[in-house]
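K.L.:
Structure below; questions to follow.
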Amino acid sequence: MISLEGKVALITGASRGIGRATANCLAHLGADIAILDIDEQAAAAVDEIRAMGRKALFIHTDVASHQSVRAAVAAAEAELGPIDILVNNAGIVKNIAPIAKMTPEAWQKELGVNLTGPFNLIQAIAPGMAERGWGRIVNISSAAAKGGLFNQAGYAATKSGLLGLTQNVTLEYAGKGITCNAILPGVIGTENVMAMPGEIFDQAVRMVPTGRVGEPKEVAQLIAFLCSDLAGYINGVDILIDGGAALNTVVLGSRKALRN
Ligand SMILES: NC(=O)c1ccc[n+]([C@@H]2O[C@H](COP(=O)([O-])OP(=O)(O)OC[C@H]3O[C@@H](n4cnc5c(N)ncnc54)[C@H](O)[C@@H]3O)[C@@H](O)[C@H]2O)c1
């Protein structure tokens, strides 16, 4: 049975999508929750968690800003106590362009949120976890970290970079009671994904042997397990949660056609 009773979790980017499902799931399992986000909708997520009887707060923070992250972590710890669990979830996917046309500004922006953001949070929080001898860090990467994503070089590069960061945090902190792992979601049915044009959505689902998109709560449940005492010996790994999409879907697709 997973219990996060008595733990304090900080989740970035929890106004919606996977982050919000994670905040709800960890609170349901007993954790108090700090949310760092740039979207005021995160206040509604906090209300939901307080209604469960947990403590929660939202601090408006751009994770790409080193100073803002430092101040937010200090404020969260002053209110909720030391942070035991860090989920680096905030991420952006807006930079869609071929490499030849990608602007340096868009590249830097994506790097700032998707890779420097997790670095800022880990640097602010991991030393305290190490002093206390217990900590859980989960970095939300993407299946794109392994196979790239057409016309999204910035996104794929930042998500691959996050795997390198994950491995190094493990090397530096594994001996101090901290685990750091990465999760690589495939297509998950968040608000943004469900709003994709029908044709692109259908094409994405056809790539998934399981035959559907994942639910945000399915990713949240994996995160919850990694954050629990049950997962203390899982460290420095990256875990795909993609309904089998990374397998040879062409072969699987043709087998399915034979069955029908
Ligand atoms: N949805 C998917 O199919 C999918 C697949 C693979 C990986 N992921 C990854 O999972 C994570 C969550 O994805 P999602 O689909 O729920 O995203 P989403 O866009 O629905 O939510 C992202 C959250 O991050 C916040 N955010 C954005 N920039 C920020 C910043 N600079 N500082 C603080 N907060 C910021 C947003 O306000 C929002 O709350 C992302 O890292 C994403 O790359 C998602």
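Bear in mind that the values in this text are calculations on the coordinates, not laboratory data. Fair warning: this is a prediction, and the values are worked out from it, not measured in the lab. Cβ atoms come from the backbone with ideal geometry, glycine included; neighbour counts cover every protein chain shown.
K.L.:
With angles folded into 0 to 90 degrees, how steeply does helix 117-132 sit against the dominant principal axis of the chain? Use alpha carbons for both and round to 10.
P.N.:
That helix lies at roughly 40 degrees to the long axis.
K.L.:
Sort Glu79, Glu110 so the one with the fewest other Cβ atoms within 10 Å of its own Cβ comes first.
P.N.:
On the way: Glu79 14, Glu110 26.
In order of increasing Cβ crowding within 10 Å: Glu79, Glu110.
K.L.:
For every helix of n ≥ 4 consecutive DSSP H residues, a contribution of -39,500 (n - 2.57) applies; sum these over the chain, divide by its total residues, and give [θ] at 222 nm rounded to the nearest 500 deg cm²/dmol. Show your work: numbers first, answer last.
P.N.:
On the way: 11 runs with 122 residues, N = 260.
Mean residue ellipticity, 222 nm, calculated: -14000 deg cm²/dmol.
K.L.:
Residues with amide H under 5 Å of Leu86's amide H, sequence separation 5 or more or different chain, H placed in the peptide plane at 1.01 Å from N; which?
P.N.:
Leu10, Arg136, Ile137, Val138
K.L.:
Want the number for Gln203 to Asn168: 0.36 nm per residue separation, take away the alpha-carbon distance, what's left?
P.N.:
Numbers: separation 35, 0.36 × 35 = 12.60 nm, distance 3.60 nm.
Result for the pair: 9.0 nm of gain on full extension.
K.L.:
Have a look at Ser15, Leu121, Leu149 and report the one farthest towards the positive end of the charge dipole of the stretch 8-259, computed about the Cα centre with Cβ charges (Lys/Arg +1, Asp/Glu -1).
P.N.:
Farthest along the dipole direction, towards plus: Leu149.
K.L.:
Using only Cα atoms, figure out Rg for the chain and give it as a multiple of 2.2 N^0.38 Å.
P.N.:
Numbers: Rg = 18.2 Å, N = 260, 2.2 N^0.38 = 18.2 Å.
Here the answer is 1.00, to two decimals.
K.L.:
Mind listing the phi-derived Karplus ³J(HN,Hα) values for the stretch 62-79, rounded to whole Hz, using 6.51, -1.76 and 1.60 with θ = phi - 60°, and x for any glycine or proline?
P.N.:
Those phi angles translate into 8, 5, 6, 8, 4, 5, 4, 5, 4, 5, 5, 5, 4, 5, 5, 5, 5, 8 Hz.
K.L.:
Just to verify a number: FRET efficiency for Ile96 and Arg50, C-beta to C-beta distance, R0 = 45 Å, to 0.05? Each step should come with its number before you reach the end.
P.N.:
Numbers: r = 37 Å, r/R0 = 0.82.
The formula returns an efficiency of 0.75 here.
K.L.:
With only Lys, Arg, Asp and Glu charged, each at its Cβ (+1 for the first two, -1 for the last two), find how big the charge dipole of the chain is about the Cα centre; round to the nearest 20 debye. Don't skip to the answer; put the middle values down first.
P.N.:
On the way: 21 positive and 23 negative charges, 148 e Å.
Rounded to the nearest 20 debye, it is 720 debye.
K.L.:
Could you give the dipole magnitude of the stretch 14-96 about its Cα centre, charging the beta-carbon of Lys and Arg +1 and that of Asp and Glu -1, in debye to the nearest 20?
P.N.:
On the way: 7 positive and 10 negative charges, 32 e Å.
Result for the stretch 14-96 is approximately 160 debye, rounded to the nearest 20.
K.L.:
What does the charge count around Phe119 come to, taking other residues whose C-beta lies under 15 Å from its C-beta (Lys +1, Arg +1, Asp -1, Glu -1)? Show your work: numbers first, answer last.
P.N.:
Details: positive: Arg70, Lys159; negative: Asp62, Glu110, Glu172.
Result for the neighbourhood of Phe119: -1.
K.L.:
Just to check I understand the Karplus step: with θ = phi - 60° and J = 6.51 cos²θ - 1.76 cosθ + 1.60, what whole-Hz values come out for the stretch 200-214, glycine and proline as x?
P.N.:
5, 4, 4, 4, 5, 5, 4, 7, 9, x, 5, x, 7, 7, x
K.L.:
Ok, one more. Over what distance in Å are the Cα centres of the stretch 121-186 and the stretch 218-232 separated?
P.N.:
15 Å
K.L.:
Taking H placed 1.01 Å from N in the peptide plane, check which residues at least 5 places from Leu240 or on another chain put their amide H under 5 Å from its amide H.
P.N.:
For Leu240, whose amide H was placed from the backbone, the distant partners under 5 Å are Leu184.
K.L.:
Okay, next question. Within the stretch 113-142, which residues have the backbone N less than 20 Å from the label spot 7 Å out from Ala75 along Cα→beta-carbon, could you tell me?
P.N.:
113, 117-126
K.L.:
Under 20 Å from a point 7 Å along the Cα-to-Cβ line of Leu230: which residues of the stretch 174-214 have their amide N that close?
P.N.:
Answer for this model: 178-185.
K.L.:
On C-alpha positions alone, give me the angle between the axis of helix 216-227 and the longest principal axis of the chain, in degrees, nearest 10.
P.N.:
Tilt of helix 216-227: around 50 degrees.
K.L.:
Longer than 23 Å from Cα to Cα, which of Lys109/Lys146; Lys176/Lys217; Lys101/Lys159; Lys109/Lys159 are they? Say none if no pair is.
P.N.:
Numbers: Lys109/Lys146 21 Å; Lys176/Lys217 30 Å; Lys101/Lys159 20 Å; Lys109/Lys159 14 Å.
Correct reply: Lys176/Lys217.
K.L.:
Can you find, among Met196, Leu86, Ser228, the residue farthest towards the positive end of the dipole of the chain? Put +1 on the C-beta of Lys and Arg, -1 on that of Asp and Glu.
P.N.:
Going by the charge dipole, the pick is Met196.
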